[in-house]
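Notes follow the structure.
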Amino acid sequence: MRIRSIAAMGSIAVIAFVLIQSSAGAQSAPPLAATTIPSTQLIQPEELKTLLISTGAVQPLILQVGSRVMFDQAHIPTSEYAGPGSREDGLSLLRDRVKTLAKNKFIVLYCGCCPWSRCPNVGGAYKALTELGFTNLKVLSIADNFGSDWVSKGYPVAH
């Protein structure tokens, strides 16, 4: 009898957990995948590095939309932290940062937290800026992570 009671309590706990997770999921949408960004809007690391070191080229506003910890450890020189693109508070920071800019301002977004196919941040940030009407927007395509696709290649880094 005691075993049945423990099993029943375990089942109740599992059902409660599932219900809580379901209701929590209903309140917030999952992050928009990086893979939803059109390939025409991507810029490769080598291309951005070349742009940054060239004289006379129009320099973009570079916004890091990943974690603050990552940004503080290493980031692209002149880039600014703009909040995580997977969270509404991060998107709010991003919107505040760009609200006074011309809609044709050259902007590059990047994250670099993890492989492109799993990045939770750039998709939402890209969507937010396109919805605001920005037309000269690129997203840095980081295949694996910022460390292996930028730092380890010897590209410029600030701390």
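Any chance you could count how many residues in segment 28-59 are over 15 Å from residue 121 (Cβ atoms), assigned to a loop (DSSP other than H, G, I, E, B) and at pLDDT 95 or above?
Total meeting the criteria: 3.
Scan segment 131-159 and report the pairs whose first residue is farther than 13 Å from residue 75 by Cβ and whose second residue is at pLDDT 95 or above and of a type in the set (Asp, Glu), with Cβ atoms within less than 6 Å and a gap of 6+ or a chain change.
Cβ pairs passing all conditions: 143/149.
Taking segment 112-130 as the search range and keeping residues that are assigned to a loop (DSSP other than H, G, I, E, B) and in contact (Cβ under 8 Å) with a residue 60 or more places away in the chain, which one is surrounded by the fewest Cβ atoms within 10 Å (Cβ to Cβ)?
Step one: list which residues in segment 112-130 are assigned to a loop (DSSP other than H, G, I, E, B), which gives 112-115, 119-121.
Subset that is in contact (Cβ under 8 Å) with a residue 60 or more places away in the chain: 119-121.
Working: 119: 27, 120: 19, 121: 28.
Of everything passing the filter in segment 112-130, 120 is surrounded by the fewest Cβ atoms within 10 Å (Cβ to Cβ).
When you check residue 96 against the structure, is it modelled with pLDDT of 95 or more and assigned to a loop (DSSP other than H, G, I, E, B), yes or no? So that I can check it myself, show each step before the final result.
Details: modelled with pLDDT of 95 or more: yes; assigned to a loop (DSSP other than H, G, I, E, B): no.
Criteria not met by residue 96.
Of everything in segment 60-93 that's among the polar types (S, T, N, Q) and assigned to a loop (DSSP other than H, G, I, E, B), which residue is surrounded by the fewest Cβ atoms within 10 Å (Cβ to Cβ)?
In the first step, residues of segment 60-93 are kept if they are among the polar types (S, T, N, Q); the result is 64, 67, 73, 78-79, 86, 92.
From what's left, assigned to a loop (DSSP other than H, G, I, E, B): 67, 78-79, 86.
Working: 67: 18, 78: 12, 79: 19, 86: 23.
It comes out as 78.
The values are calculated or read from the model by the stated rules, or taken from the named source; none is laboratory data. The structure presented is a predicted model; accordingly, all values stated were derived computationally and were not measured. Note that each Cβ is placed from the backbone with ideal geometry, even for glycine, and that neighbours are counted across all protein chains shown.
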